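A short worksheet on the structure shown next.
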Protein chains: 2
Amino acid sequence: MHIFTLADILPIIKHKALVIDAVRSGFVAHAKGDMLMSAMSPAYPYFCIKVASGFYNNPSKGLPVNNGCVMLLSAETGTPLALFQDEGYMTSVRTAAAGALAAELAPLKTANRLGILGTGHQARLQARWIAAHLGLETLSIWGRSSENAQAVATELTKDGFNVRAVTSLSELCEMSDIIVTTTPATTPILSASHIRAGHHIIALGADSPGKTEIDSAILGRADYIFTDDHAQCLHHGEFGAAVRAGYVSDQQDSSFGQALSVVAGPIAPTIEPNAISVVDLTGLGAQDLAISAFIYTALMENMHMA
Amino acid sequence: MHIFTLADILPIIKHKALVIDAVRSGFVAHAKGDMLMSAMSPAYPYFCIKVASGFYNNPSKGLPVNNGCVMLLSAETGTPLALFQDEGYMTSVRTAAAGALAAELAPLKTANRLGILGTGHQARLQARWIAAHLGLETLSIWGRSSENAQAVATELTKDGFNVRAVTSLSELCEMSDIIVTTTPATTPILSASHIRAGHHIIALGADSPGKTEIDSAILGRADYIFTDDHAQCLHHGEFGAAVRAGYVSDQQDSSFGQALSVVAGPIAPTIEPNAISVVDLTGLGAQDLAISAFIYTALMENMHMA
């Protein structure tokens, strides 16, 4: 078995466009119903097992909240092929790649302005990955702590972004076409009054039961709802919260993966410029499989070249 | 994270009595209801995640059927501490240790003769571990293939055992007080007519749905039934098969772990010499946690001494 550390993985992950395409293939396999288990599909000669831990007292001990690793095994023989000691980074990146793919669904305009809710690790990643993927340079950021928002803005400004920390959500929404919510909120932060025609909202904080970032009324007003997985989003995503609140029918979503199949093909997505659209991302095993297979292949190729 | 291979693990596993005691503690934690998840308990500062694969076409490729590895993580911080690339060996050994503990429950006699059904890796391990634990030297072995049974007998004879390959189950049962079934059978091999007063039967092949090695009528005749886990054995062990066949009530078993707590304490078990007893072993996460915690501690101590 090959043992790869974060130091091995980071140079591969730098190739954002390749990572995004790899994760896109994972979503397509998932949408086609190709996943045999959460992280096994005939589209891949591998399956993966991810250990992801979240210990919320860790910062007081000087340790990161999230940790874990990913193991890739042969789907033909069960042989463990690689262990990625990624410290949870591959999960962060496959989520960033999903955000970039979700942003791709926004109506194409000459300048899609990006707004980010949240100031954590994923907020920074979403800013970088969506900006790189869509060629954006202008973005706004909002956090419950203005200081934290300013810190993220300062960091991104140093890297050449035109970024502004804003102190109100109304301001953020006025200045943005694509809005990405990246918080661990358990009560809605974004309310329906913030939303106007043309907003494309990507909600990725509600990745486990009890979490919700956006008012269910927003989904009630949305012309398009995309989910990464219908059943999973019904169980614990924003979609499920809106269904339980009676704002939308449980049959109403479109699959995000199906939408990506369209994007991947010759037909452009058809969200009208004045439509409201919501993408509900809860995180899929298909993403873990896609990114670990991609990184493994890339690392093995590097080894053979060296 | 420490990476340990089978070569690191084997010298630790040689200490059978220590391994058996470690696995005993796992059963006791399980029986006390101390397991928070399948492989996490406040009795241990660790939790473990086991990847175990069984690919039945592998031998045609020159590969072993079973493979996998075990990861040990801190229960306080989620930090991955060790990866054991054990090729499935720790699972084999914790099952062997469970067999030795189950054999301990047999009525104490001057000479408990051992009989083994099956000729695979686990059959060999059960012979070695039970013999070592109870100080037995005499055993019989039976397999569907007489050749294979003879091969195991020859191997064990070389190691100083007084072992005989027998060609009929009647003969095996006549010559044995403790009978261990280690086959992957899906229809019963051992029938009620083979069993007489005083037999202590340890059934460990029925570790997943559809597997069964012993006629349910044997459990109907048994004075004692022990399970490693009531619910799990009801789901897919010999106990569940006997309940579904109407031979025993679903409330009838005693917990194997509870029995071990008794053995571990000052009170000897009280199975009468003429009773029939059955131990149904399906395999527990508590065993995986116990053995991986034990091996980790031993390896870390060796490191500090070196």
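The values are calculated or read from the model by the stated rules, or taken from the named source; none is laboratory data. Just so it is clear, the model here is predicted, and its values are computed rather than measured. When we count neighbours, we look across all protein chains shown, and the Cβ atoms used for this are built from the backbone with ideal geometry, even at glycine. Surface accessibility is based on the protein's heavy atoms, side chains included, excluding ligands, DNA and RNA. Shrake-Rupley method; radii C 1.70, N 1.55, O 1.52, S 1.80 Å.
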- prompt: Does B:GLU76 satisfy the condition of being of a type outside the set (Gly, Ala, Ser), touching a Leu at 6+ places or on another chain (Cβ under 6 Å) and farther than 26 Å from B:VAL163 by Cβ?
  reply: no
- request: Could you tell me which numbered condition B:VAL163 fails, if it satisfies all but one of (1) in a helix (DSSP H, G or I); (2) farther than 20 Å from B:LYS16 by Cα; (3) open to solvent by less than 60 Å² (accessible area, probe 1.4 Å)?
  value: (1)
query: How about segment A:85-116: which of its residues are of a type in the set (Val, Ile, Thr) and under 15 Å from the mean Cα position of the chain (by Cα)?
result: A:THR91, A:VAL93, A:THR95, A:ILE116
- line: Pairs returned, first residue in segment A:1-19 that is more than 16 Å from A:GLY99 (Cα to Cα), second residue that is open to solvent by less than 10 Å² (accessible area, probe 1.4 Å) and of a type in the set (Asp, Glu), beta-carbon separation under 6 angstrom, 6 or more apart or interchain, are A:LEU6/A:ASP86; A:ILE9/A:ASP86
task: Filter segment B:18-68 down to residues that are assigned to a loop (DSSP other than H, G, I, E, B) and open to solvent by less than 20 Å² (accessible area, probe 1.4 Å) and give me whichever is nearest to the other protein chains (Cβ to nearest Cβ).
output: B:ALA39
- request: Please name all residue pairs, on different chains or six or more residues apart, with Cβ atoms under 6 Å, provided the first residue is in segment A:69-89 and is within 10 Å of chain B (Cβ to nearest Cβ) and without any contact (Cβ under 8 Å) to a residue 12 or more places away in the chain and the second residue is open to solvent by less than 30 Å² (accessible area, probe 1.4 Å) and assigned to a loop (DSSP other than H, G, I, E, B).
  value: none
message: For segment A:85-127, give me each residue that is among the hydrophobic types (A, V, I, L, M, F, W, C), at pLDDT below 95 and either in a strand (DSSP E or B) or open to solvent by 10 Å² or more (accessible area, probe 1.4 Å) (or both).
response: A:LEU108, A:ALA111
query: Can you find a residue in segment B:221-229 that is among the β-branched types (Val, Ile, Thr) and within 17 Å of B:THR95 (Cβ to Cβ)?
result: yes
query: What's the number of the condition A:SER208 fails, among (1) modelled with pLDDT under 95; (2) in a helix (DSSP H, G or I)?
result: (2)
message: Tell me yes or no: at least one residue of segment A:193-204 is within 14 Å of the chain's Cα centre (by Cα) and of a type in the set (Gly, Ala, Ser).
response: yes
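Can you say whether A:THR95 is among the polar types (S, T, N, Q) and within 11 Å of another protein chain (Cβ to nearest Cβ), as far as the supplied structure shows? Steps first, answer last, please.
Values: among the polar types (S, T, N, Q): yes; within 11 Å of another protein chain (Cβ to nearest Cβ): no.
No; evaluated as a whole, the condition is false for this residue.
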